[in-house]
Amino acid sequence: EAAVTQSPRNKVTVTGGNVTLSCRQTNSHNYMYWYRQDTGHGLRLIHYSYGAGNLQIGDVPDGYKATRTTQEDFFLLLELASPSQTSLYFCASSGTGVNYAEQFFGPGTRLTVL
Amino acid sequence: QEKVQQSPESLIVPEGAMSSLNCTFSNSASQSIWWYQQHPGKGPEALISIFSNGNKKEGRLTVYLNRASLHVSLHIRDSQPSDSAVYLCAVRWEGQGGRALIFGTGTTVSVSP
């Protein structure tokens, strides 16, 4: 069954710490996305990619790096975590063609920066 | 860049009633508009999309799009307790070098038995 998985599901770190969030999709999709979800702001796009080695900047990229190592794997990196990055993070994937805009989401990672 | 606003913020409806949600967007040239459903502790799931002016019906769901007024609405007929969730409106955005969806902040629907 096609799926998007994320790890870890929960993460607590301290200010200034390094965090890597992982995402894997088995949908054979070209596009992958990282979002953060905060009360009052909804889902905001951090970075996205349309293939291995490609990276596009989203709406709220400051403080985040991302890397797409394969078609299946997309990583979000916080190199100097700050409390403002405490949030619920979602990864998603989508294909190409007529219905490419339908995005399939993972279960989310809750990150707390103390 | 596209902006998406949703109303109301929250909605309480009795079981069996119609739930009506609204969404406005800023660019009449926007491509497809999507509605996603998000249950607590889960990622959003796509419900229905629309591209052309007019309406589209799928089961208990009906979507109306009016590009001239930059407005789209979602109506859920015969609302069930399982429909209790956050509903997100999303508009396709053709950004530099790729494509993405711009999401609204959501409407929380609570269906009371």
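The values are calculated or read from the model by the stated rules, or taken from the named source; none is laboratory data. Quick caveat: nothing in here was measured; it's all calculated off a predicted structure. When we count neighbours, we look across all protein chains shown, and the Cβ atoms used for this are built from the backbone with ideal geometry, even at glycine. Each accessible area value is taken on the protein alone, full model and side chains, heavy atoms only, with ligands, DNA and RNA left out. Shrake-Rupley method; radii C 1.70, N 1.55, O 1.52, S 1.80 Å.
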Please identify every one of the trypsin sites (Lys or Arg not before Pro) in the range A:1-43 that sits in a loop by DSSP and has no more than 14 other beta carbons within 10 Å of its own beta carbon.
A:9
Skipping prolines and chain starts, which residues have an amide H placed within reach, meaning under 5 Å, of the one on residue A:59, given they are 5 or more residues away or on another chain?
A:45, A:46
Selected from B:50, B:35, B:80, residue furthest toward positive end of dipole (the range B:31-96; charges at beta carbon)
B:50
Kirkwood hydrodynamic radius for chain A: how many Å is it when counted over pairs of different Cα atoms?
14.0 Å
Any chance you could list P(r) for the range A:1-40, counting all Cα-Cα pairs in 5 angstrom bins from zero, rounded to whole %?
5, 15, 23, 22, 17, 11, 6, 1
Determine, from the Cβ-Cβ distance of residue A:10 and residue A:54 and an R0 of 30 Å, the FRET efficiency 1/(1 + (r/R0)^6), rounded to the nearest 0.05.
0.55
Just grab the label-to-label distance for residue B:71 and residue A:62, each label 7 Å out from Cα along the Cβ direction, in nm (one decimal).
3.6 nm
Accessible area per residue, Å², the protein assembly as shown with all protein chains present, probe 1.4 Å
47 Å²
To the nearest 20 Debye, how big is the dipole of the range B:32-84 about its Cα centre, given +1 on the beta carbon of each Lys and Arg and -1 on that of each Asp and Glu?
140 debye
Using a 1.4 Å probe on the protein chains only, how many percent of the accessible area of the range A:5-107 belongs to carbon and sulfur?
52 percent
Given charges at Cβ of Lys, Arg, Asp, Glu: the range A:1-110 dipole, positive-most of A:69, A:87, A:13:
A:13
Counting only protein heavy atoms and leaving out ligands, DNA and RNA, the solvent-accessible surface of residue B:75 at a 1.4 Å probe, in Å² to the nearest 10, equals 40 Å²
In debye to the nearest 20, the charge dipole size for the protein assembly as shown, taken about the Cα centre with +1 at each Lys and Arg Cβ and -1 at each Asp and Glu Cβ, equals 100 debye
Past the 20 angstrom mark, what percentage of all C-alpha to C-alpha distances in chain B do you count?
37 percent
What would the Debye formula give as log10 I(q)/I(0) at q = 0.09, 0.15 Å⁻¹ for the alpha-carbon point model of the protein assembly as shown, no solvent?
-0.37, -0.99
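Quickly rank B:79-88, B:101-110, B:50-59 as a protection proxy: mean count of other C-beta atoms within 10 Å, highest first.
Output ranking for B:79-88, B:101-110, B:50-59: B:101-110, B:79-88, B:50-59.
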Threshold 40 Å² - residues in the range A:65-114 whose accessible area is reduced by that much or more when the chain is no longer isolated, probe 1.4 Å
A:100, A:101, A:102, A:103, A:105
